[in-house]
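The values are calculated or read from the model by the stated rules, or taken from the named source; none is laboratory data. Quick caveat: nothing in here was measured; it's all calculated off a predicted structure. For neighbour counting, all protein chains shown are included, and Cβ atoms are generated from backbone atoms with ideal geometry for every residue, glycine included. What goes into the accessible areas is simple: the full protein's heavy atoms, side chains included, and nothing from ligands, DNA or RNA. Shrake-Rupley method; radii C 1.70, N 1.55, O 1.52, S 1.80 Å.
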Amino acid sequence: MATRIPEPWELGDVLSEVSDLLEVGGVSVAIKRLSPLRPADMAAVVAELSEDHLRQLLERMANEAIADVLDYLDVDRGSRVFDSIPETRRPAVLDETSPEVATDLLHRIAWDDAAQTLVRMRNLNIIGDLLIHDDDDAGGLMSPTFAKLREYWTVRHALRVLRQMDLHPEILRELFAVDAQDTLVGRMELSELVFAPPNATIGEVMNRDVISVSATEDQESAVRLMQRYRLPSIPVTNVRRQLQGVITSNSLVEVAEQEATEDMFRLFGVGGSIATGYDVREAIRNRLPWLVLNLFTVMLAGYVLSLFQPTLNAMVLLAAFLPVVMGQAGIAGTQTVTIIVRSMALGERSIANVWQLLLFELVLSLAQGLAVGGILGVAVHVWKNDWALTLLVTGSLVLNLILAAMAGVMVPMFMRVLRIDPAMASAVIVTTATDICGIVMYLGLASIFLTLLVS
């Protein structure tokens, strides 16, 4: 009988129970309370424990249980758990995890500590080969465990070899063929192999149209290829196109989520890692610089506003509509830059089609400006019965929405040309541009046509 899936609030109750038990030194009872949980649920509870409680628990947990927890945590939370494992036990724990997880965790600690841990591991050679690649490269994401067939083998011999390899069924879904020099030459599914003529060679039945990525390519390239061609896995090769490993769809989904999260956090100035962390100093380093930058941009907008003080003094009513013009443009600019940054991250938009993007956003902003401006114009005229003021507010809003669309497209593209991550500061720059230009446009027009306005 299958175990019932616990609700999130039930896991919260387990967390409270385990924390209370650890508070009074009941480590054995706490472990017994966690043992009926599935590894994924156990990982969710363990990751939320305090540093002291986590250290107490991990000192007594079995290596296999700790490895199960690490396998179900993202890198940030997994690193926090890994740091609480006694150093003498780290090699044994990592030997029980998947090579990809072990590599990610070793990447997060000092190199000398990682080297000391690595030399005491059974999987020294496998992990060592993965460690030479950066975290963000396809080589750092690949698994060294995969089903490799020689193209000159017969189908009968290949099936016999696969039975002896004792691999997980999921790994056997995709099979990759190589020649005598280990060069990737084809791929096939297990079902295709099973139903192929026993005396046929792998080279005769395999699909030679195989899509792969280089070990040095960015992992986002692998994500885009998986999405475009709906691949369950992608082989990774070296410069000589020799097969080095395989990236599974599970890993790619995690990368896609991680990249999207990082871009979202960067877009709004909270750094490129998980926003709700346990390290206050790291959170300050991620967020404070953008708050300071935003402070200076607001001060700049305030200075520009002060240049139009005579105009505001002449007609105080103008100040009532300034936040409307600036606010609408700020929202429109943020919408545009969010869509553009996301599209660039997914490879859907590039610098090559910038003019097409710009034309589309200009038409869209004009249509939205006329719609929103029309509503605002009716409200202003009903309130003040002043055609000059109505035209000023409406015209300024439409013009500022058009400028916001231009900035939302051009700023991320320009940052990409400069090889700066467009997610880093695009929103801050676009918001500043729309604020300052909104002030200049609105109050500049008001200064010109002030004589037409009536109070």
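Ordering L58, L364, L15 by accessible surface, largest first, gives L364, L15, L58; the 1.4 Å probe counts only protein heavy atoms, with every chain in place.
Considering only protein heavy atoms, with the full assembly of protein chains and a 1.4 angstrom probe, order K32, K148, K384 by accessible area, largest first. Walk me through the intermediate numbers first.
Numbers: K32 150, K148 60, K384 85 Å².
The most accessible residue leads, giving K32, K384, K148.
The figure for T97 is an accessible area of roughly 10 square angstrom, using a 1.4 Å probe on the protein chains alone.
Within the accessible surface of segment 40-108, defined with a 1.4 Å probe on protein heavy atoms only, the carbon and sulfur portion equals 43 percent.
Under the rule a/c < 1.5 gives rounded, and otherwise a/b versus b/c splits prolate from oblate, where does segment 28-91 land using the Cα gyration tensor? Don't jump to the answer; show the numbers that get you there.
Values: a/c = 1.35, a/b = 1.11, b/c = 1.22.
In terms of gyration-tensor shape, rounded.
With a simple spin-label model that places each label point 7 Å from the Cα along the Cα-to-Cβ direction, the separation between R60 and Q309 comes to 7.0 nm.
The slack in the chain from A367 to V239, taken as 0.36 nm per residue of separation less the alpha-carbon distance, amounts to 41.0 nm. In a reduced charge model with +1 at each Lys and Arg Cβ and -1 at each Asp and Glu Cβ, segment 6-116 shows a dipole moment near 260 debye about its Cα centre. Contact order, relative form, for segment 1-91: 27 percent (alpha carbon pairs under 8 Å, 6 or more residues apart, mean separation divided by residue count). Proximity of backbone amide H atoms, modeled 1.01 Å from N, is registered between G186 and A177 at under 5 Å, excluding neighbours fewer than 5 places apart on the same chain.
Let me check something: with ligands and nucleic acids excluded, how do I5, I247 order by accessible area (1.4 Å probe), largest to smallest?
Numbers: I5 120, I247 0 Å².
Accessible-area ranking of I5, I247, largest first: I5, I247.
Close amide H pairs (under 5 Å, H built 1.01 Å from N) link S143 with V246, I247, T248, residues at least 5 positions away or on another chain. Heavy-atom accessible surface of segment 74-186, averaged per residue, reaches 48 Å², computed with a 1.4 Å probe.
Students often get this wrong: which residues of segment 33-51 have the backbone nitrogen under 17 Å from the point 7 angstrom along Cα-to-C-beta of S19? Under cut-off, by backbone N: 34, 42-51.
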